1. With N residues in the range 35-110, what two-decimal value do you get for its Cα radius of gyration over 2.2 N^0.38 Å?
2. Step through the table entries 8/156; 72/129; 8/72; 72/165; 8/166, compare each Cα-Cα distance with 23 Å, and write down the pairs that go over it.
3. Accessible area, 1.4 Å probe, largest first: how do 159, 29, 154, 56 sort?
4. With a 1.4 Å probe and all protein chains kept in place, how do 141, 70, 41 rank by accessible area, largest first?
5. Describe numerically, in nm with one decimal, the distance between label points set 7 Å from Cα along Cα→Cβ at residue 146 and at residue 120.
6. Mean residue ellipticity at 222 nm from the helices of the chain, using -39,500 (n - 2.57) per DSSP H segment of n ≥ 4 over the full residue count, to the nearest 500 deg cm²/dmol?
7. Which length gain, in nm to one decimal place, applies between residue 42 and residue 170 when the Cα-Cα distance is subtracted from 0.36 nm times their residue separation?
8. Sorting 139, 69, 91 by accessible area (1.4 Å probe), largest first, what list results?
Amino acid sequence: MTILPIIKHPNEILRQVCLPVPEVDDPMRQLMDDMLETMYDAPGVGLAAPQIGDTRRIIVIDQVREAEEDAKTPLFFVNPEIIWSGQEIGEYEEGCLSIPGVYENVLRPTECKVTYLDYFGKAQQMHCKDFLATVIQHEIDHLNGVLFIDHISRLKRSRAMKKYKKAQSELG
Ligand code: NI
């Protein structure tokens, strides 16, 4: 497996609407394995294909932060689609591997139902709650060119982006 470079905001690739995948084949499974490895290495709990420069509708998630080798619970979603969202709204402090160092509270539905193709190309449906619901909505946003900073107030965003740009320029 290969650890891939993660694309950072404000790269335009992160703003593209990604394309549906016709089927899940071996090269795509290889890509999903690499995405998972990249996510664990970062470390993060979710990664969408545009974050590694691939504009297809693919995401990987493992809710367990810094999972031990034998405790990993990877989830693979191809063409994920939210078919239902709950009424209740919850707030989580979100971050993103493409906007390192920025953490802001985001409001989202606490429950959603998602249809998708799994690692083997089989059609599946999942009812997501709480943290998983937050992560999957964040990742599906990526497939539509949306970042979590788009969900916060303009004032908070401009403050966060000022800090982010400064930190990025200090990194060179
Ligand atoms: Ni993200």
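1. Taking N as the residue count of the range 35-110, the ratio is 1.18.
2. Too far apart for the 23 Å limit: 8/72; 72/165.
3. 154, 159, 56, 29
4. Working: 141 30, 70 145, 41 90 Å².
Sorted descending by solvent-accessible area, the residues read 70, 41, 141.
5. Simple spin-label model gives 3.2 nm for this pair.
6. Result for the chain: -9500 deg cm²/dmol, rounded to the nearest 500.
7. Residue separation times 0.36 nm, minus the Cα-Cα distance, leaves 44.1 nm.
8. 69, 91, 139
The values are calculated or read from the model by the stated rules, or taken from the named source; none is laboratory data. What you are looking at is a predicted structure, and each value in this text was computed from that prediction instead of being measured. Methodologically, a virtual Cβ is constructed for each residue, glycine included, from the backbone with ideal geometry; neighbour enumeration extends over all protein chains shown. Note: accessible area is taken over every heavy atom of the protein model, side chains too, but ligands, DNA and RNA are not part of it. Shrake-Rupley method; radii C 1.70, N 1.55, O 1.52, S 1.80 Å.
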